[in-house]
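Report on the following structure.
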Amino acid sequence: MRAVVLEADRSLRMDDRPDPSPGRGEVLVDLATSGICGTDLSIYSGKIAVRHPRVLGHEMFGHVASSDGGAAAGTRVVIDPVLSCGVCYWCSKGQTNLCPNGALLGRDRDGGFAERIAVPQSNVYEVPASISDEVAPLVQVLTVCVHAQRDAPVFPGDSVLVLGLGVSGLLHLQIARARGAAPLIGVTRSASKRELAESLGADLTFDPGDSHLGERVAEATGGRGPDVVIESAGRVETLAAAIGLVRPGGHIVLFGTITEDRGALPFYSLYLKELTITNPRAAKPEDFPAAIDLAGSGRVRLAPLISDTFPLEETGAAIEATAESGTLKIILDHGGVRS
Ligand SMILES: [Zn+2]
Ligand SMILES: [Zn+2]
């Protein structure tokens, strides 16, 4: 089979490899489409270190080729890229996303930028026809957002504000809308993303550079501030803004990954407002059926989040395109060419 292999930082090569041979309890999947994530870009550029050679990609969709007593051949499936051991303390607590013996496909083991992959049967989930091949890789991104919102208390009528409207922020808005959030507020510098957010259900959108942002948000939320603020930019200053905007007694979901180890935050407000901050990581098996239902029913729309589609042969160009500002999701089409 063909596989796109990262041989060194920023160096990809189309390799011809033997097909993976599925072990006991595993399923072989013919991959049809993949999504490119910011994590792929970070690995490609060397910001996240991996052992080379490595096949990237953890947003995967395809058809079951064969399985050890599991899904029938031809079944359309998305793949959970998180592997866990099933026997450690965290797995026994259901915190499989934190398993210290676990691995992420496409980072710690070879992933989805290839024609085939073998994964445990328990890591594949059938998707309905209403989720097209092109959008299906986005289901994995949606599971991570679903996991993040599970611990955020959103009851119908609670106000939710999302800071940062990239792919994840736009998914968060739609999940919050499905949960009955009102008003639903999106904040981003990008005028085109504000427009897209409104078409996907945001009641109000603002530019973070607006010097009256705090007043406008307070005005829209009974003078209090939003019940829940979802930080989806991964920056210290955005977290600081979230602390400033959320209502006293409110909840902040720190969804964006902040890698800085220092920065200015209004720590006293954490106390004064008695805030709760959760910092969710990855997703759990329970998030796949929920995400598939949200996307399959149309309550979360994935197609508007796709910026472009590239053939597997142009993975390098596709990863570079992901780095351009304004780009949302880039999809790789594996083309169905078998070798
Ligand atoms: Zn990802
Ligand atoms: Zn474990």
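The values are calculated or read from the model by the stated rules, or taken from the named source; none is laboratory data. Quick caveat, the model's predicted, so the values are computed rather than measured. Don't worry about glycine lacking a Cβ; one is built from the backbone with ideal geometry, like all the others, and counts go over all protein chains shown. Protein only, heavy atoms only, side chains kept; ligands, DNA and RNA dropped before computing areas. Shrake-Rupley method; radii C 1.70, N 1.55, O 1.52, S 1.80 Å.
Look at residue 140 and say whether it is away from ligand 1 (no atom under 15 Å from the Cβ) and out of contact with any helix residue (DSSP H, G or I) (no Cβ under 6 Å at 6 or more places or on another chain). It is false that residue 140 is away from ligand 1 (no atom under 15 Å from the Cβ) and out of contact with any helix residue (DSSP H, G or I) (no Cβ under 6 Å at 6 or more places or on another chain). The set of residues from segment 143-157 being in contact with a helix residue (DSSP H, G or I) (Cβ under 9 Å, 6 or more places away or on another chain) and part of a loop (DSSP other than H, G, I, E, B) comprises 152, 154.
Results for (1) assigned by TED's automatic domain parsing to the domain that holds residue 103; (2) β-branched (Val, Ile, Thr); (3) in a helix (DSSP H, G or I), shown as yes or no for each residue.
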position	(1), (2), (3)
125	yes, no, no
129	yes, no, no
136	yes, no, no
161	no, no, no
170	no, no, yes
174	no, no, yes
180	no, no, no
194	no, no, yes
198	no, no, yes
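Filtering segment 97-115 to residues that are away from ligand 2 (no atom under 16 Å from the Cβ) and either surrounded by fewer than 19 Cβ atoms within 10 Å (Cβ to Cβ) or of a type in the set (Lys, Arg) (or both) leaves only 107. Among the strands (runs of 3 or more DSSP E) confined wholly to segment 241-335, which include 1 or more residues that are over 28 Å from residue 122 (Cα atoms) and touching a residue at least 40 places away in the same chain (Cβ under 8 Å)? Where strands (runs of 3 or more DSSP E) fall fully within segment 241-335 and carry at least 1 residues being over 28 Å from residue 122 (Cα atoms) and touching a residue at least 40 places away in the same chain (Cβ under 8 Å), they are 251-254, 306-311. Candidates are the residues of segment 101-121 that are small (Gly, Ala, Ser), more than 22 Å from residue 280 (Cα to Cα) and in contact (Cβ under 8 Å) with a residue 60 or more places away in the chain; the one that is nearest to ligand 1 (Cβ to nearest atom) is 112. Condition first: among the polar types (S, T, N, Q), open to solvent by 30 Å² or more (accessible area, probe 1.4 Å) and part of a loop (DSSP other than H, G, I, E, B). Now tell me which residues in segment 66-86 satisfy that. Hit for segment 66-86 is 84, nothing else. Across segment 276-311, the number of residues qualifying as crowded, with 19+ Cβ neighbours inside 10 Å and acidic (Asp, Glu) comes to 1.
When restricted to residues that are surrounded by fewer than 19 Cβ atoms within 10 Å (Cβ to Cβ) and among the aliphatic types (A, V, I, L, M), segment 221-238 contains 1.
Restricting attention to segment 233-274, the residues that are farther than 16 Å from residue 187 by Cβ and touching a strand residue (DSSP E or B) at 6+ places or on another chain (Cβ under 6 Å) total 1.
Looking at 125, 89, which one is open to solvent by 50 Å² or more (accessible area, probe 1.4 Å) and over 30 Å from residue 182 (Cα atoms)?
Of the residues listed, the single one that is open to solvent by 50 Å² or more (accessible area, probe 1.4 Å) and over 30 Å from residue 182 (Cα atoms) is 89.
Of all residues in segment 70-90, those that are at pLDDT below 95 have Cβ atoms under 6 Å from Cβ atoms of residues that are of a type in the set (Val, Ile, Thr), 6 or more apart or on another chain, in 70/27; 71/64.
So, in segment 182-192, exactly how many residues are open to solvent by 50 Å² or more (accessible area, probe 1.4 Å) and in a loop (DSSP other than H, G, I, E, B)? Going through segment 182-192 one residue at a time, the tally reaches 1. If you go through segment 246-260 and keep only what is open to solvent by 20 Å² or more (accessible area, probe 1.4 Å) and more than 23 Å from the chain's Cα centre (by Cα), you end up with 247, 248, 249.
Return a yes/no flag: does segment 158-166 have any residue that is open to solvent by less than 20 Å² (accessible area, probe 1.4 Å), without any contact (Cβ under 8 Å) to a residue 40 or more places away in the chain and either touching a Lys or Arg at 6+ places or on another chain (Cβ under 6 Å) or among the basic types (Lys, Arg) (or both). Checking segment 158-166: not a single residue is open to solvent by less than 20 Å² (accessible area, probe 1.4 Å), without any contact (Cβ under 8 Å) to a residue 40 or more places away in the chain and either touching a Lys or Arg at 6+ places or on another chain (Cβ under 6 Å) or among the basic types (Lys, Arg) (or both). Scanning segment 180-212 for residues that are farther than 23 Å from residue 152 by Cα and among the hydrophobic types (A, V, I, L, M, F, W, C) turns up 191, 196.
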